[in-house]
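Trainee: I am attaching a structure below and will ask some questions about it afterwards.
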Amino acid sequence: MNDSAPLIRIVDDEPATRSALDRLLRAAGHQTRSFACAAEYLADDDPAQPGCLVLDVHMPGMDGLELQRLLSGADPVAIVFLTCHGTIPLSVQAMKAGAVDFLTKPVEKADLLRAIGVAVERDRAARRQRQDLAVLRSRYERLTPRERQVLERVVAGQLNKQIAADLGTSEQNIKFHRGHVMQKMEVESLADLVRLAGRLGLQSPG
């Protein structure tokens, strides 16, 4: 994960707006970078850099809502909309799609800085969650196919003897594999194992 200072991206087709936002945010201690359109942002931005996006709605080419949809994949970007053309339907659409806030120009400095603060914190939390999940997946990938079978059945609530019967092996073997599962997943209790399995999205055996 990139530990550098958060970067506030500004995407707006109006040069005067970009300049004013850049000055305001830098004066408040933020690191900024400006883009004149969505295509420029997509071509030049580094998604590994933490931070958020301050985004206009109506722009030539791809508009702000289209860019939001494009960025709403596995690693969504924290977005604050800032536009002259705000309407209730547009704001509802943006917020339902995950925007942090939908502000209209001219905006109060305090409102904009508050929204950006929330967006930066949301981005930071999402990056931590993705990093934690990547660690869990790496642990899971260390399990053998048999250990994965045992894990799925343990978190489904089956007893060792039930798992042994299900897999056609001895209860002693299941205890052995179960111990390896606990060790490789780096947990000390069944409750922790169940919680991690839930985060990994593991399904109970059919």
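Where a number appears in this text, it was derived from the coordinates with a stated rule and is not lab data. Keep in mind it's a predicted model, so treat the numbers as computed, not measured. Using ideal geometry, Cβ is built from the backbone for each residue, glycine included, and neighbour counts are taken over all protein chains shown.
Trainee: Sorted from fewest to most neighbouring beta carbons within 10 Å, what does the list 95, 185 look like? List each step's numbers first, then the result.
Mentor: Working: 95 13, 185 19.
Neighbour counts put them in this order, fewest first: 95, 185.
Trainee: Which length gain, in nm to one decimal place, applies between residue 31 and residue 121 when the Cα-Cα distance is subtracted from 0.36 nm times their residue separation?
Mentor: The span from residue 31 to residue 121 would gain 30.9 nm if fully extended.
Trainee: Now for a different question. So if we plug the beta-carbon distance of residue 104 and residue 44 into 1/(1 + (r/R0)^6) with R0 = 25 Å, what FRET efficiency do we get, rounded to 0.05? Present the calculation step by step, with values, prior to reporting the outcome.
Mentor: Working: r = 27 Å, r/R0 = 1.09.
E(calc), rounded to 0.05, equals 0.40.
Trainee: Search the structure for amide H atoms under 5 Å from the amide H of residue 54, placed 1.01 Å from N in the peptide plane, and list their residues when 5 or more places away or on another chain.
Mentor: Residues meeting the criterion, in which the H sits 1.01 Å from N, are 9, 10, 11, 80.
Trainee: Working out 0.36 nm times the residue gap between residue 161 and residue 130, then minus their Cα-Cα distance, what length gain in nm do you get to one decimal? Write down the numbers at each step before the final one.
Mentor: Details: separation 31, 0.36 × 31 = 11.16 nm, distance 3.60 nm.
Difference between extended and current length: 7.6 nm.
Trainee: Residues with beta-carbon under 12 Å from that of residue 19, excluding residue 19: net charge, scoring Lys, Arg +1 and Asp, Glu -1?
Mentor: On the way: positive: 18, 23, 26; negative: 12, 14, 22.
Around residue 19, the charge tally is 0.
Trainee: State whether the range 136-206 is rounded, prolate or oblate according to the following rule on the C-alpha gyration tensor (a ≥ b ≥ c being the square roots of its eigenvalues): a/c under 1.5 gives rounded; otherwise a/b larger than b/c gives prolate, and the remaining case gives oblate.
Mentor: prolate
Trainee: Here is a follow-up. Give the Rg (one decimal place) followed by the Dmax (whole number) of the chain, computed from C-alpha coordinates and expressed in Å.
Mentor: 23.6, 74
Trainee: In deg cm²/dmol, rounded to 500, what helix-only [θ] at 222 nm does the chain give when every DSSP H run of at least 4 residues adds -39500 (n - 2.57) and the total is split over its residues? If you can, show how the numbers build up before the last one.
Mentor: Working: 9 runs with 114 residues, N = 206.
Helix contribution divided over all residues of the chain: -17500 deg cm²/dmol.
Trainee: Give the lysines reachable from residue 109 as a straight Cα distance under 30 Å; neighbours fewer than 8 places away on the same chain don't count.
Mentor: By straight Cα distance, residue 109 reaches 96.
Trainee: Okay, moving on. What does the net charge come to around residue 159 if you take all other residues with beta carbon closer than 15 Å to its beta carbon, with K and R at +1 and D and E at -1?
Mentor: +1
Trainee: Only helices at least 27 Å long along their own axis, judged from Cα atoms, and with Kyte-Doolittle mean hydropathy of -0.5 or greater: name those in the chain from DSSP H.
Mentor: Values: long enough: 109-141 (48 Å, -0.72).
Answer set is empty.
Trainee: Starting from one equal scatterer on each C-alpha and no solvent at all, send me the Debye-based log10 I(q)/I(0) for the range 20-92 at q = 0.13, 0.24 Å⁻¹, two decimals.
Mentor: Taking Cα atoms of the range 20-92 as identical point scatterers yields -0.40, -1.32.
Trainee: Also, quick follow-up: State to the nearest 20 debye the size of the charge dipole of the range 91-131 about its Cα centre, where the only charges are +1 on K and R beta carbons and -1 on D and E beta carbons. List each step's numbers first, then the result.
Mentor: On the way: 9 positive and 5 negative charges, 49 e Å.
Taking the Cα centre of the range 91-131 as origin, the dipole is about 240 debye.
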